[in-house]
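Asker: Once you've had a glance at the structure underneath, I'll fire off some questions.
What follows draws every value from the coordinates through simple rules; no lab data is involved. What you see is a predicted model; the values in this text were computed from it and never measured. Neighbour counts run over all protein chains shown; Cβ positions are idealised from the backbone, glycine included.
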Amino acid sequence: MSTANALVRVIGIDPGSVITGYGVIETDGVRSFHLAHGHIRVVGNTFAEKLGFIHTAITAVVHEWHPVEAAVEQVFLSNNAMSALKLGQARGAAITAVVTHSIEVSEYAARSVKQVVTGSGSADKDRVQTMVKHMLELSGRLQNDAADGLAIALCHAHSRGYAAAAGANDARGGTVSRLPVRRKTRGRGLRR
């Protein structure tokens with residue numbers, strides 16, 4: 001029995017210490033279907049309370065939609081060390097909310113997400129939103145963080161489709177082209 005066309009539910013998370021966006025889709029690696037999206041306005045008197053709020057809110061989304069895979073945007077290194085640290089902690093809160101439910105988490109660089117969704121790694125938010133709406137057949141305006149959550153889920157869906165196609169070629173004895181290895185670059189931001 002082939003599972004090549006089985007739908008898998010994926011949650012994409014765009015973590016943030018002020019607003020965390022998410023999107024839930026079902027995909028077979030080729031086609032993707034919208035289920036839900038939203039954004040979480042983080043509240044709390046202390047930063048620890050805000051992290052707890054992110055964890056609780058993502059847990060509620062997981063309980064409602066029961067994804068089996070998750071995708072999260074990687075940390076973006078910036079010149080502001082405190083902003084990068086807060087973003088990293090927000091990511092940690094979101095990731096632990098997913099991992100405590102035994103859901104595998106994949107991470108994608110923002111540039112890779114934009115490349116998959118729009119064809120350009122330097123696309124702006126409006127272009128990402130336009131393509132997400134087109135790919136998932138949505139109408140109306142999407143909140144930016146929710147659109148980013150959906151874009152991350154779509155990036156993961158595309159990666160799953162590529163892996164499935166590679167596996168199918170492998171099983172037939174054909175050659176499999178692999179994704180290029182990501183080059184390490186020296187970025188600006190946190191340095192010792």
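Asker: I want the antiparallel fraction of DSSP beta bridges within the range 8-171, as a percent rounded to 5. Before the final figure, lay out the partial values.
Answerer: Working: 16 of 25 bridges.
Within the range 8-171, antiparallel bridges account for around 65 percent of the total.
Asker: Per-residue HN-Hα couplings for the range 135-149, Karplus 6.51 cos²θ - 1.76 cosθ + 1.60 at θ = phi - 60°, whole Hz, x for Gly and Pro?
Answerer: 5, 9, 6, 9, 10, x, 7, 9, 5, 4, 5, 5, 4, 5, x
Asker: How large is ³J(HN,Hα) for each residue in the range 66-72, as worked out from phi by the Karplus curve 6.51 cos²θ - 1.76 cosθ + 1.60 (θ = phi - 60°), to whole Hz, x for Gly and Pro?
Answerer: 6, x, 10, 9, 9, 9, 10
Asker: Also, I was wondering about something else. Of the peptides 130-140, 105-115, 147-157, how do they stack up when ordered by the mean number of other Cβ atoms within 10 Å, highest first?
Answerer: For the peptides 130-140, 105-115, 147-157, the packing ranking is 147-157, 105-115, 130-140.
Asker: A follow-up question, please. Quickly work out the residue 122-to-residue 139 label distance, labels modelled 7 Å from Cα along the C-beta direction, and quote it in nm with one decimal.
Answerer: For the pair residue 139/residue 122, the computed spacing is 3.5 nm.
Asker: Tell me, 124, 14 in order of fewest to most beta-carbon neighbours within 10 Å?
Answerer: Numbers: 124 11, 14 28.
Ordered by Cβ neighbours within 10 Å, fewest first: 124, 14.
Asker: A further question on this structure: Kirkwood Rh and Cα-based Rg: tell me the resulting Rg over Rh for the range 8-171, rounded to two decimals. Spell out each step's value before the answer.
Answerer: On the way: Rg = 15.2 Å, Rh = 15.8 Å.
Rg/Rh: 0.97.
Asker: Once amide H atoms are built 1.01 Å from N in the peptide plane, which residues 5 or more positions from residue 16, or in another chain, come under 5 Å H to H?
Answerer: Those lying under 5 Å, H to H, from residue 16 are 21.
Asker: Take residue 100 and residue 74, extend 7 Å from each Cα along the Cα→Cβ direction, and tell me the distance between the two endpoints in nm.
Answerer: Going from the residue 100 label point to the residue 74 one covers 2.7 nm.
Asker: If you scale each eigenvalue of the Cα gyration tensor by 5 and take the root, what three semi-axes come out for the range 40-85, rounded to whole angstrom and sorted largest first? Write down the numbers at each step before the final one.
Answerer: Numbers: eigenvalues 110, 58, 8 Å².
Its equivalent ellipsoid spans semi-axes of 23, 17, 6 Å.
Asker: Explain nothing, just compute: Karplus ³J(HN,Hα) = 6.51 cos²θ - 1.76 cosθ + 1.60, θ = phi - 60°, for every residue of the range 107-119 in order, whole Hz, x for Gly and Pro.
Answerer: Values per residue, Gly and Pro as x: 10, 9, 5, 4, 5, 5, 4, 4, 4, 5, 7, 10, x Hz.
Asker: Continuing with the same structure: Average projected area of the Cα convex hull of the range 1-98, in nm²?
Answerer: One quarter of the hull surface, i.e. the mean projection, equals 7.0 nm².
Asker: Something else: Can you give me the long-range amide H partners of residue 42? Hydrogens built in the peptide plane at 1.01 Å from N, cutoff under 5 Å, separation of 5 or more residues or another chain.
Answerer: Under 5 Å from the amide H of residue 42 lie the amide H atoms of 19, 20, each far enough along the sequence or on another chain.
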